[in-house]
1. Would you pull out the residues with amide H under 5 Å of VAL161's amide H, same chain only if 5 or more places away, H placed 1.01 Å from N?
2. Among DSSP bridges having both ends in the stretch 99-181, what percentage is antiparallel? Round to the nearest 5.
3. Here is the link list: LYS6/LYS59; LYS59/LYS102; LYS6/LYS33. Which ones come out longer than 25 Å on Cα distance?
4. Give me the tail of P(r) for the stretch 99-181 as a percent: Cα-Cα pairs with distance above 16 Å.
5. Could you calculate the FRET efficiency of SER163 with LEU142 from 1/(1 + (r/R0)^6), where r is the beta carbon distance between them and R0 is 25 Å, rounded to 0.05?
6. Let me know the charge dipole size of the stretch 99-181 about its Cα centre in debye, to the nearest 20, where only the beta-carbon of Lys, Arg (+1) and Asp, Glu (-1) is charged.
Amino acid sequence: MAELIKAGSAYTPLPPSGLSDPLWPWVLWNLWKSRNKLLFENRVFSAQETALKCILDAKEWSSEQDHRDRRSSVHSSSPHSVPSSRHSVPLPSFPPDVLVCKVDAAWDSASGGCGIGGIFSGNNLKRIPNLSEPRSHVSSALMAEAIAVRLAVVTAVYSNVRSLAVLTDSLSLVSTEEGSHST
């Protein structure tokens with residue numbers, strides 16, 4: 001699999017797909033999603049359905065990137081332009097004694113289930129296993145993200161970690177948390 005990922009940028013989609021961007025990331029992503037649907041929901045997708053989903057997802061992504069590029073080029077002439085959201089924000093740096101946990105969650109509105117993950121890193125001497133678990137009866141994507149953050153904090157507390165930084169990509173959760181401290 002690692003060799004496929006390394007060589008993936010050299011692969012060109014065939015013309016009938018109508019894509020100019022690589023298709024292989026979407027193949028891997030949709031194979032993973034199909035596997036999860038089989039394991040967690042007992043739903044089976046054919047190879048044709050999965051291949052079609054790969055192409056549709058890739059086209060949707062490409063189309064959205066084109067729209068963002070056009071919007072950013074329109075806004076770039078403004079003196080108050082906002083940087084393009086395609087550029088990643090650099091991660092903050094932390095002192096060596098701070099353990100960092102990057103968390104994320106995926107929520108399925110149909111089943112109310114979610115998957116939670118977290119990766120601990122840093123120069124901390126403690127070896128804490130990464131987080132990965134499913135949850136059921138979760139009311140929203142925001143709640144799934146909050147559960148992921150809570151799990152990271154609880155895991156660190158039980159491991160006697162003294163200093164922890166939790167990083168999440170959930171702007172809604174961060175905005176909610178920042179708002180609660182301003183009052």
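1. none
2. That works out to approximately 75 percent antiparallel.
3. LYS59/LYS102, as the Cα separations exceed 25 Å there.
4. Here the tail beyond 16 Å accounts for 51 percent of pairs.
5. That gives a FRET efficiency of 0.45.
6. 440 debye
Read the figures in this text as sums done on the coordinates, not as results from a lab. All of these numbers come straight from a predicted model, not from anything done at the bench. In this analysis, Cβ positions are derived from the backbone assuming ideal geometry, glycine residues included, and neighbour counts consider all displayed protein chains.
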